[in-house]
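Throughout, read-outs are computed from the coordinates displayed, never taken from laboratory work. Predicted, not measured: the structure shown is a model, and the values here were computed from it. So basically every Cβ, Gly included, is an ideal-geometry build from the backbone, and we count neighbours across all protein chains shown.
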Amino acid sequence: MRPPTNLTLSHFELYVRDAQRMEGFYTRRLGFVVTDRGDGPDALVFLSRNPAEHHQLVLNPRPSRRTSDSPLEHISFRVASLEDVRAVHAALEEEPGAGIEAVSHGTTWSVYFRDPEGNRLEVFADTPWHVAQPCRFPIDFALDDEAKATLDEAVAGLRPIPGDCGDEYRRPPFLTATGDLSHHLREFPAPYPVRVDEHGRRRALSGTVWEDLAGFSRAVRVGNRVVVSGTTATHGSRCVGGTDAAAQAHFAIDKITGALESLGAALGDVVRTRVFVKRMSVWEAVARAHGERFAGIQPANTLVQADLVGDEYLVEIEAEAEVGG
């Protein structure tokens with residue numbers, strides 16, 4: 001069986017003796033950003049310099065799992081699809097002593113194995129899902145074509161999760177399964193913390209690691225004008241909405257609304273939006289979501305195709321608002 005032609009280097013995992021010191025070195029000296037970490041004293045630390053990659057380096061402080069003098073836990077390679085991973089798995093079954101292990105991390109389908117000198121390797125493909133790390137469970141690539149067809153048929157019959165959660169969750173009275181909760185609250189906190197700089201500009205910050213790395217704010221208010229940065233369906237290290245472009249658009253507009261409210265504005269104050277879609281095949285779903293949320297407001301709008309940072313992101317939206325305009 002031929003090796004995959006689309007194999008690319010993804011990340012390294014290192015065993016470390018002092019995780020805190022190593023984290024400080026890679027963040028302060030080499031500009032990496034911590035994107036995720038586990039729980040407990042031996043938690044894995046995930047770092048990246050690329051917003052499109054969840055991690056390019058993993059620090060592993062678990063010395064009990066270290067089996068040699070090498071600090072390298074494993075080297076990872078990415079392929080394009082689950083079928084590519086299955087092909088690698090099948091090819092490795094012909095390799096004696098490879099120690100094959102098939103697992104899912106929620107975000108990937110992976111095959112771990114060893115080369116002839118015992119170095120641990122991983123070949124993986126990304127799944128459409130986004131799961132907090134670390135996450136790991138075994139999977140079986142031994143399904144025959146009939147079983148795979150049955151699974152594909154079942155998946156094809158699933159209905160997508162609606163992209164719009166409904167205004168009852170966005171605006172008072174905030175209806176929930178227990179009823180109207182607004183009478184329990186004297187006031188609602190701003191969705192994002194706000195800082196005022198020496199020039200009097202008010203900046204809303206979402207706390208994402210990329211704001212400090214790239215030097216930007218979620219939104220900035222100068223006078224009566226509020227400008228909101230390009231907004232994707234990101235929550236923490238996850239992409240909300242999966243492969244549903246409308247769901248991503250609704251969540252991005254929720255975030256834009258939160259940024260505006262943090263700076264004393266509202267969605268009704270928006271006078272311009274710019275929408276960027278990864279593929280033109282999703283433009284209508286995104287446009288319809290925009291139309292639902294901006295019905296009656298109808299700001300000036302541009303929609304263009306763009307190569308967005310991060311393979312999982314299908315849409316990014318900017319907004320400008322004039323308070324009292």
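Extension gain for the segment D18 to N119, taken as residue separation times 0.36 nm less the Cα-Cα distance, is 34.1 nm to one decimal. Among R221, R120, R49, sorting on how many other beta-carbon atoms sit within 10 Å of each Cβ, with the fewest leading, yields R49, R120, R221.
Can you pull the percent of Cα pairs in the range 8-156 with separation above 29 Å? Tail of the P(r) past 29 Å holds 22 percent of the pairs.
The convex hull built on the alpha-carbon positions of the range 191-322 has an orientation-averaged projected area of 7.5 nm². Each Lys and Arg adds +1 at its Cβ and each Asp and Glu adds -1 at its Cβ; summed about the Cα centre, the range 191-322 shows a dipole of about 200 debye.
Diffusion coefficient (Stokes-Einstein, Kirkwood radius over C-alpha pairs, 20 °C, 1.002 mPa s) for the range 76-119: 195 µm²/s, rounded to a whole number.
Sorting K255, K278 from the fewest to the most surrounding beta carbons within 10 angstrom yields K278, K255. Note: the range 264-308, Cα convex hull, 72 Å³ per residue.
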